[in-house]
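Quick notes on the structure that follows.
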Amino acid sequence: MSAVNRRDFLKVTAAVGGGLLVTINLAACRDRGAAGGAKAADPSVFVRINPDNTIVVTIPKSEMGQGVRTSLAMLVAEELDADWNQVRAELAYYDPKFGDMGTGGSSSVRQNWMPLRTAGATLRAMLVATAAREWGVDPAECTTDNSFVHHAKGDRKLHYGGLAAKAASQPIPAGVKLKAKSEWKLMGKDRIGIDVGPITHGTAQYGLDVKVPGMLYASIERTLVFGGTVTSFDKAAALAVPGVKDVVEIKGVGIGVTVHPGVAVVATNTWAAMQGRKALTIQWDAGPHAAESSESYLATMRAAVEKKGDETVNTKGDPDGVLAKSAKVISGVFETPFLSHATMEPMNCTASFKDGQVELWSPTQYPDMATAEVAKALGLKPEKVRVNLTMMGGGFGRRINPDFSVEAALVSKAIGQPVKVVWTREDDLRHDFYRPCSVHRIDASLGADGMPEAWRHRVSTPSIDVSYQEKPPEGGWGPNETDGSANMSYRIPNRSCEYTLQASGVPRGWWRAVSTTHGMFAVESMIDDLAAAAGKDPVEYRLAMIDGVWWKQPPDFPEYPFRADRLKGVLQLAADKAGWGKPLPKGHAMGISCGYDHLSYAAEVFEVSVVNDRLRIHRVVVAADAGPVVNPNGARAMLEGGIIMGLSAALKERVTIKGGGVAQKNFDSYSLLRINAAPVVIESHFVETDTAPTGFGEPAVPPVAAGLANAIFRATGKRLRTLPLDIKLA
Amino acid sequence: MEVRLTVNGRERGAEIDPRAALLDLLRDQFGLTGAKRGCERGECGACTVLVDGRPTLSCLMLAVASGGRSVTTIEGLAEGDRLHPLQQAFIDHDALQCGFCTPGQILAAVACLAAGRANTDDEVREWMSGNLCRCAAYPQIVAAVRAVAAAR
Amino acid sequence: MKIFDYRAANSVAEAIAAAGPGSAFLAAGTEVVPALRDGLLHPDRLIDLLPLGLDGIERRDDGLRLGGLARLSDIASHPEVLASAPALASAIEQSGTAAIRSMGTLAGNLLQQVRCPYYRGAAPCNRRAPGSGCSVARGDQRHAALMPLSFHCAAVHPSDPAVALASLDATIVVEGRAGRRTLSLDQLYPAAGAVLGVPSVLESGDLIIALDLPAGRLPGRYAKIRDRSSFDFALVSAAGGLRLEGGVVVEAALALGGIAWKPWRCRRAEAMLVGRPWSADLVRQAVAAELSGATPLEGTRFKVELAIRAAATVLDPGGPS
């Protein structure tokens, strides 16, 4: 298939204790950073072959349930022809040599596709060369399988573990050949997650389970009004609680980090810290956002989409002119709330500050950012900060933020002792970085053939970027916020997307699939309305309009251009597998939606019925294309999990802002879809376009809300345009 | 206060504040971190353990009230090297993603089977509805529990 | 949370003797522990009743006796209960979660506090802070009572089993300082118009040691209408059943939940049903008549229709038994 021809790609050395240690220069072959363009000086990742034949891959990405430790280890093991049962995955710590360790955007397999497979293939070649020399035969006569090198003629075989030490002194071959998909032994077949053992034994160590010698526990009372500050506090009652050791004020850290001002109570155990915290008396200054509420945002966003947006994200033809002249304009206003990530493991971090250095054990998705921000907040050089990754109880984008890491480092520095800062569920729900609320208005008109002639999409949200930077990115706040809106892939001769920024004190962040979660809800609902107005089948209607995109591709990913045939492919497959258009049981109806998210394609069909205003979801069919599938089992888990999380948001989840803070406290008021309400049948199908793979973590989420709303529309004639949908589950 | 109880077959004692929960005792004092702190309101099920065989939300039980009782946590479910059938089924069905809720799910499932309430998918879905899984490995969880029920 | 003195009770007498001003009983903790954390309860002394046992379920000549500390799940799966009081088993199965049913005791369930969001929040609430007012009048009324206790409190009793027990004519055996007495379920809860809503009329030192289900009652069914499909409190529920002879109702029992501060036994509706030929319309009229005395808040009017629907489910002679 493809060959990598870079001699400086790998460094191989003998490992301590025997075996062989491989350093892979990721910068040399990561799909993004071209040589010299990578921000890190020597990005690298380690593979270790031990004398006992175990193979340890250090995973430079965060595991939060998406199966990255399994799929990345598979990339190495496949090309290495390793015995999968002997492959182990190791947690990494932050080091610039690992390259970009940020885990998000469904990017892990995409970024590591070439480097890790090339590492495996190169190692394999070296092991073969070593064995061949030992036997005095031509390496071309040798084969590999299950961590053995075989010499067929001589009926001889040697174990990788025994060869590793000698292999380390071999020259590193250039131009190794990677396997064609037809040659895969491990990949493309179902693999169970590499960590299921420790998890089912209860021994897997999450951030919350970390214990370091001399560690204290802290619980922090943070301002409940975003932007509030501590005026004064009385710590006497807290200090009187048995077990409480110290009480320290946390000054806020502003934009880009968002550590909330508050008071930390440090104690010998979690429980005492929480009791001490309750005993605090704090005077707050509510700050500038105390009057803000979900209603106030809604009012201004609704007004904003009634007029021209402050930014024109893109425009083609003359949508305003065509709409003004159109006899019939079809309009829809779509509203979505703030959402919380609600990871099962609440935020937490353990930090140990000593002698001008700080070590952290952090369940972070982005150790790069955590390191930089901890260094900045403590006034240290980044090399004085060590961030160890832990297992994570879910991420979904929440753990990209460095706030919890910085907080722990600040507390540890203040008390001069190791400390674990434990967040309660209430803390977690009320101090999240929320998926922004939004209002969308789409106005469209149809031509004589029933196809849309004009489409004007106005969006207003509190932008995510505002929580991280003071000045808008190049091109304004709009482009990132209108992912899924401005770049929707339907061919309409006159179309535009406008954006108006909503001011808000609520911290915003990246929630699984980010802006497409609301943009695609509006677009895919509206397309269905237009199909209905035109009297056309929603699948045919979409297929006729999906087209090459006309806007500029994001400059980051020229290697992954949008391809209309791939979106059409998943749409057609989902419709076919669902039996679209075939007779359904009485009272059942299907709805469909599709979209392009994080460089992958997904289409979903929902079969529902509505009886006595109660919704039943009988079946969900999803088809997705992220290129070749490394681990079908893991990919299916991502699709199913994404759909259920999407359904949870579509039917239940809403963060309400009152008095500048979050009204919900726990799962009783921020309710998630439970197992009894999850759809019984989710069928996942793949289109494996022969191209470099992208990712499955996010693309299943954004089509859900519209697909479900479209099904409800077809079952009841009622168009629901506000999330969560105003319908109860049976 | 002093409390003495049996944890995973072993007698243990600890000095504990009467207001602390069994979950605090298990995690902070005994180092058994398999039971997870997820909500502390009995809403998520991540802290589920067995007390005298009963599925129990250890965040809602006072540690002092566990005196004289027998507590089984995920760490004590296997018999030596032999996994409990549900642990094995969760592995075989990959019934987890991040795994944070898994110990609670498995112990709730043990109780579900013991109660004889795993006869249909719907029964399992209803019985297990106190245990949240944000990653939503729900289809696989149902499959794992049903597989063990079918093998009995 | 204030520090308290924890005592494990070794006998009923000891438990009663240990009780006093500032004390509270503890059973499973599913109700008490969150209340302690939320500052809704702040006892000086917590008396743990679980060591008492009192969790038997036994058949007697005159009916079934359920221990006050019998666990909800044990009741729901007990063959005698399933045979003679399926409405109770069903009500339990539809309440809480498996773990909460497995931990929770019958007496604890009957004595739980209201789930009104204002009681659990910071807004004015006469129950939490007497005299502060009731926020329901101008607030969220979806879970409020159709028939409020009084001007001062519009919360509903959240228990499912209590509704079934009301339809089954359960009596409550209370042991207290003055000895043993029995109460009807109706007597357990305050009388209409009471100024403030304590959960029950029991006083410090009163202990529910058992519930008696008299023999010969209609086994009944339980129907619950709620927003979430699981793990949610009822908007409206109904327990009860009827017996027909030649199409004529000869016996009827009906209790409604989610409409008042106590389970609402529908004596008036029952009287209207008995002696008349059964029809869906008759059930509707009877339930409507039962609720005609209500002066509902605007946001609770929808419950009349839900109550009729729930009652129709349990009073449908063709329905599943």
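All of the numbers you see were taken from the coordinates with simple rules; none came from a lab. These numbers come from a predicted model, not from an experiment. When we count neighbours, we look across all protein chains shown, and the Cβ atoms used for this are built from the backbone with ideal geometry, even at glycine.
Per DSSP H run of at least 4 residues, take -39500 (n - 2.57); add these up for chain C, divide by its residues and hand me the 222 nm value, nearest 500 deg cm²/dmol.
Only helices count here, giving -7000 deg cm²/dmol.
Tally Lys and Arg at +1 and Asp and Glu at -1 over the other residues with C-beta under 11 Å from the C-beta of residue C:27: what net charge comes out?
Computed value for this residue: -2.
According to a simple spin-label model (label point 7 Å from Cα along Cα-to-Cβ), what is the distance in nm between residue C:138 and residue C:58?
Distance between label points: 5.6 nm.
Could you list A:289, C:143 so that the one with the fewest beta carbons within 10 Å of its beta carbon is first and the one with the most is last?
Sorted ascending by nearby Cβ count, the order is A:289, C:143.
Please give the net charge around residue A:382, taking every other residue with its beta carbon less than 12 angstrom from that of residue A:382, where Lys and Arg add +1 and Asp and Glu add -1.
In short, 0.
Just want to confirm a number: the relative contact order over chain B, from Cα pairs under 8 angstrom separated by 6+ residues, in percent.
24 percent
Over chain C, what is the mean sequence separation of C-alpha contacts under 8 Å (at least six apart), divided by residue count, expressed as relative contact order in percent?
Rounded, it is 17 percent for chain C.
Considering only C-alpha atoms, what is the centroid distance from the range A:672-730 to the range A:126-164, in Å?
50 Å
Would you please give the FRET efficiency between residue A:533 and residue C:302, computed as 1/(1 + (r/R0)^6) with r the Cβ-Cβ distance and R0 = 30 Å, to the nearest 0.05?
E(calc), rounded to 0.05, equals 0.35.
Using Cβ contacts closer than 10 Å as the measure, can you line up B:16, A:644 from fewest to most?
B:16, A:644
What ranking do A:130, B:102, C:313 get, fewest neighbouring Cβ atoms within 10 angstrom at the top?
So the ranking, lowest neighbour count to highest, is C:313, A:130, B:102.
Just from its helices, what would the mean residue ellipticity at 222 nm be for chain A, if runs of 4 or more DSSP H residues each count -39500 (n - 2.57) and the sum is divided by every residue, rounded to the nearest 500 deg cm²/dmol?
Here the helix-only value at 222 nm equals -8500 deg cm²/dmol.
Note down the magnitude of the dipole of the protein assembly as shown about its Cα centre, charges +1 on Lys and Arg C-beta and -1 on Asp and Glu C-beta and zero elsewhere, to the nearest 20 debye.
With Lys and Arg at +1 and Asp and Glu at -1, about 500 debye.
Find the Rg to Rh ratio for chain A, where Rh is the Kirkwood radius over alpha-carbon pairs and Rg uses the same atoms.
Reported Rg/Rh, Kirkwood definition of Rh: 0.99.
The range A:71-85 to the range B:46-107: how many Å between their Cα centroids?
32 Å
Separation of the range C:1-74 and the range B:6-43 by C-alpha centroid, Å?
Each part's Cα centre sits 21 Å from the other's.
Considering the options C:286, C:258, C:310, tell which one lies farthest towards the positive end of the dipole of the range C:221-314, charges being +1 on Lys and Arg and -1 on Asp and Glu at the Cβ, about the Cα centre.
The residue sitting most towards the positive pole is C:258.
Work out from phi, with θ = phi - 60° and the Karplus expression 6.51 cos²θ - 1.76 cosθ + 1.60, the ³J(HN,Hα) of each residue of the range A:232-243, listed in order in whole Hz, and give x for Gly and Pro.
These are the phi-based 3J(HN,Hα) values: 7, 8, 10, 9, 4, 5, 5, 5, 7, 5, x, x Hz.
For the pair residue A:355/residue C:281, report the inter-label distance in nm, with labels modelled 7 Å from Cα in the Cβ direction.
Going from the residue A:355 label point to the residue C:281 one covers 9.2 nm.
Grab the other residues whose beta carbon is less than 10 angstrom from that of residue C:241, score K and R as +1, D and E as -1, and report the net.
+1
Can you work out the PRE-style zone for residue A:683? Point 7 Å along Cα to Cβ, and I want the residues of the range A:572-597 with backbone N under 19 Å.
A:572-594
To make sure I understand the rule: partners must be lysines, Cα under 18 Å from the Cα of residue A:652, and not fewer than 8 residues away in the same chain. Which ones qualify?
Hits, sequence-local ones excluded: A:665, A:728.
Can you give the FRET efficiency for residue A:300 and residue B:114, using 1/(1 + (r/R0)^6), R0 = 41 Å, r = Cβ-Cβ distance, to the nearest 0.05?
0.15
Dipole of the range A:148-236, Cα-centred, from +1 at each Lys and Arg C-beta and -1 at each Asp and Glu C-beta, to the nearest 20 debye?
That gives the range A:148-236 a dipole magnitude of about 800 debye.
I'd like the FRET efficiency for residue B:152 and residue A:728, computed as 1/(1 + (r/R0)^6) with the beta carbon distance as r and R0 of 25 Å, rounded to 0.05.
According to the calculation, E is roughly 0.10.
For chain A, what are the DSSP H helices with axial Cα length of 24 Å or more and mean Kyte-Doolittle hydropathy of at least -0.5?
For chain A, where a helix must reach 24 Å along its axis and average at least -0.5, the hits are A:108-135, A:516-534, A:632-651.
Considering only DSSP beta bridges with both partners in chain A, what is the antiparallel share in %, to the nearest 5?
Antiparallel: roughly 75 percent of the beta bridges in chain A.
At 222 nm, what helix-only mean residue ellipticity would chain B give, in deg cm²/dmol to the nearest 500, using -39500 (n - 2.57) for each DSSP H run of four or more?
Roughly -8000 deg cm²/dmol at 222 nm, from the helical runs in chain B.
For the pair residue A:255/residue B:79, report the inter-label distance in nm, with labels modelled 7 Å from Cα in the Cβ direction.
Going by the 7 Å Cα→Cβ label model, 6.4 nm.
Quote to one decimal, in nm, the extra length available between residue A:329 and residue A:383 on full extension: 0.36 nm per residue of separation minus the C-alpha distance between them.
Here the segment from residue A:329 to residue A:383 would lengthen by 13.5 nm.
Give me D for the range A:212-257 in µm² s⁻¹, whole number, from Stokes-Einstein with Rh from the Kirkwood sum over alpha-carbon pairs, 4 °C and 1.567 mPa s.
So the translational diffusion coefficient is about 100 µm²/s.
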